[in-house]
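Have a look at the structure below before the remarks.
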Amino acid sequence: MTSGFDRTGRRERILRAAVRQGLLEPGTAVLACFVDLDGLDETVTSLRSAFPDSVRVLHAFAAKANCLVPVLEELRLGGMGCEVASAGELAQALEAGFEPARIVFDSPAKTRAELARALSLGVAVNADSFQELARLDEILAGSRTGSRLGVRVNPQVGAGSISAMSTATATSKFGIPLDDEGNRRRLLQAYRDRPWLTWVHTHVGSQGCPLALMAEGISKAVEFAEEINAHLGRRQVTGIDIGGGLPVNFDSDETTPGFDTYVDHLREHAPALFSGEYEIVTEFGRSVLAKNGFTAAYVEYTKTVAGRPIAITHAGAQVATRTVFAPDAWPLRIEAHDPRGRAKRGRAVPQDVAGPCCFAGDLLARDRALPLLDVGDLVVVPDTGAYYFSTPFHYNSLPEPAVHGARVDADGRVTFRLFRPAQAGHPAPALA
Ligand SMILES: Cc1ncc(COP(=O)(O)O)c(C=O)c1O
């Protein structure tokens, strides 16, 4: 889906306001990150309207994509639930005010104590293995829970283009593989023995997975839910959690594919999902936040090495870890702006855009054609609202940058809310 929402223009407007208001300053605030809250509202609306009103859906935002409590609060106010994958994310979701019944706990390594806490709170849990199911038996010991409980199944439909993001391969560490010898029979028995197991969960993968592959995986999970109910002769499975994974376009400001396109694929491959017999949970992360966040950093120095211009900036592996360590899988756009935040025009010159970290590979872009960057310019890195600045890497003891939520009113005025203060850095030694 493309929309008339002008992300490019908004980014520049927010950047210029940030410079005017001192949120970016050479020497002090050399790196700052922004969440476009109007953009986020627009995305949440597009997600909610993509699913038909005739089915009950809880859109549980995958907190791993951006776990900042004020971001989670915004999403809660927008009507979303929250998917968590650790005790830390669960604490953040609760702090953001999510009702436990609107939180889903997925992790392949839940401890006994974490499971017991989730069940006592009434948080939904998807068991990742037969061993975890046995633990749930012990914790429940015949008692009832308000938690919705399910099993994560691996439909084993194969990988997308990024193997590290593909969770439904034949040998993935996640879930119970449906096609491994004997597993269907064991799973059917597991549901028969546990009338409280009422959900089926799957997550085919994230960035790099084609929609057809994701829809195929979900259709296998839905078929399995139907098989359980047919086998038991009762509608024990009442809900299907389809995970997240909608890929994001990192090449431009176009939001494509849209949630509506994905739902079209699901309708085609897994029509029973929309029969009204099942509640649905979704767990989108990247597609909700990525395009609604950007990073901005000053150019501290420039140099030319063997004829190649290099800009040394303050944004590197600490905020763009995946891009620095796996640049082919995670390319990011870079924009050149002048010290006041205005987009730089001028002839594009191939140059490297480097970060501050002390290793040679700390590059946001290699040989990237951009108007030539000067000392004091700003580089902007769009599409970094998910899995980038929200979970920084502490290499070189670089401080976590500030994160600001931004809104633009009808008159174009920008207001900011501090979502995360900049971590205090180590003070510079006093000059003798
Ligand atoms: C179980 C589960 N659900 C949801 C997500 C979110 O995926 P995405 O951010 O690609 O939507 C992930 C990502 O790792 C996941 O493992």
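Kindly provide the Kirkwood hydrodynamic radius of the stretch 39-287 in Å, to one decimal, from all pairs of distinct alpha carbon atoms. About 18.1 Å, per the Kirkwood formula over Cα pairs.
Extension gain, E95 to T261, is 56.4 nm, computed as 0.36 nm per intervening residue step minus the present C-alpha separation.
Among the trypsin sites (Lys or Arg not before Pro) in the stretch 111-198, those placed in a DSSP loop whose Cβ has at most 14 other Cβ atoms within 10 Å are R144, K173. Based on DSSP H segments of at least four residues, each scored -39500 (n - 2.57), the chain has a per-residue ellipticity at 222 nm of -8500 deg cm²/dmol.
Summing Lys and Arg as +1 and Asp and Glu as -1 over all other residues whose Cβ lies under 11 Å from the Cβ of M80 gives a net charge of -1. The H on the amide N of G239, modeled in the peptide plane, is under 5 Å from the matching H of V200, E279, each at least 5 residues off or on a different chain.
With all protein chains present, how much of the accessible area of the chain (probe radius 1.4 Å) comes from carbon and sulfur, to the nearest whole percent? Carbon and sulfur atoms account for 52 percent of the accessible area of the chain. Rounded to the nearest 20 debye, the dipole magnitude of the stretch 326-432 is 320 debye, with +1 charges on Lys and Arg beta carbons, -1 on Asp and Glu beta carbons, and the Cα centre as origin. If only the Cβ of Lys and Arg carry +1 and only the Cβ of Asp and Glu carry -1, the dipole of the chain around its Cα centre is close to 500 debye. For the stretch 217-258 and the stretch 95-173, compute the distance between their C-alpha centroids and round to whole Å. Spelled out, the Cα-based centre of one part sits 16 Å from the other.
For Cα pairs less than 8 Å apart in space and 6+ apart in sequence, what is the mean separation divided by the residue count of the stretch 162-318, i.e. the relative contact order in percent? The partial results should precede the final answer.
Numbers: 204 pairs, mean separation 30.6, N = 157.
Answer for the stretch 162-318 is 19 percent.
Quick one: how many lysine pairs does the chain have with C-alpha atoms less than 19 Å apart and a gap of 8 or more or different chains? Give me the count, please. Write down the numbers at each step before the final one.
Working: K64/K110; K64/K173; K64/K291; K110/K173; K173/K220; K303/K344.
Here the count comes out as 6.
Using the heavy atoms of the protein chains and a 1.4 angstrom probe, tell me the accessible area per residue for the chain in square angstrom. Roughly 42 Å² per residue, with all protein chains present. With contacts taken as Cα pairs under 8 Å at a separation of at least 6 residues, the chain carries a relative contact order of 19 percent. If you take all other residues with their beta carbon under 15 Å from the beta carbon of C67, and give Lys and Arg +1 and Asp and Glu -1, the sum is -4.
The antiparallel fraction among DSSP beta bridges confined to the chain stands at about 50%.
Axis angle, to the nearest 10 degrees, between helix 259-269 and the longest C-alpha principal axis of the chain: 30 degrees. 3J(HN,Hα) along the stretch 247-254, derived from phi through the Karplus expression 6.51 cos²θ - 1.76 cosθ + 1.60 where θ = phi - 60°, amounts to x, 10, 7, 8, 8, 7, 7, 6 Hz, with x in place of Gly and Pro. Computed across the chain, the Kirkwood hydrodynamic radius from all distinct Cα-Cα pairs reaches 22.9 Å.
A probe of 1.4 angstrom, applied to the heavy atoms of all protein chains, finds C209 with accessible area near 0 square angstrom.
When the chain is described by a simple charge dipole with +1 on each Lys and Arg Cβ and -1 on each Asp and Glu Cβ, the residue from L197, A113, I176 located farthest towards its positive end is A113.
Length available on full extension from D251 to D180: 0.36 nm per residue minus the Cα-Cα distance, which gives 21.7 nm.
For P350, what is the net charge nearby, where nearby means another residue's Cβ is under 12 Å from its Cβ and Lys, Arg count +1, Asp, Glu -1?
With Lys, Arg at +1 and Asp, Glu at -1, the neighbours total +2.
Residues whose amide H lies under 5 Å from that of L373, counting only those 5 or more places away or on a different chain, are absent; hydrogens are built 1.01 Å from N in the peptide plane. With θ taken as phi - 60° and the Karplus curve 6.51 cos²θ - 1.76 cosθ + 1.60 applied, the whole-hertz 3J(HN,Hα) list for the stretch 179-194 is 9, 5, 2, x, 5, 4, 4, 5, 5, 4, 5, 4, 5, 4, 6, 10 Hz, x standing for glycine and proline. The average projected area of the stretch 1-102, computed from the convex hull of its Cα atoms over all directions, is 8.5 nm². Of the beta bridges in the stretch 39-287, as assigned by DSSP with both residues counted there, near 5 percent are antiparallel. Computed from backbone phi, the HN-Hα couplings of the stretch 110-115 come to 5, 7, 4, 5, 5, 5 Hz, rounded to whole numbers (Karplus: 6.51 cos²θ - 1.76 cosθ + 1.60, θ = phi - 60°; Gly and Pro given as x).
The values are calculated or read from the model by the stated rules, or taken from the named source; none is laboratory data. Model, not experiment: these values are computed from the prediction. Don't worry about glycine lacking a Cβ; one is built from the backbone with ideal geometry, like all the others, and counts go over all protein chains shown. Remember, those area values only see protein heavy atoms, side chains included, never the ligands or the DNA or RNA. Shrake-Rupley method; radii C 1.70, N 1.55, O 1.52, S 1.80 Å.
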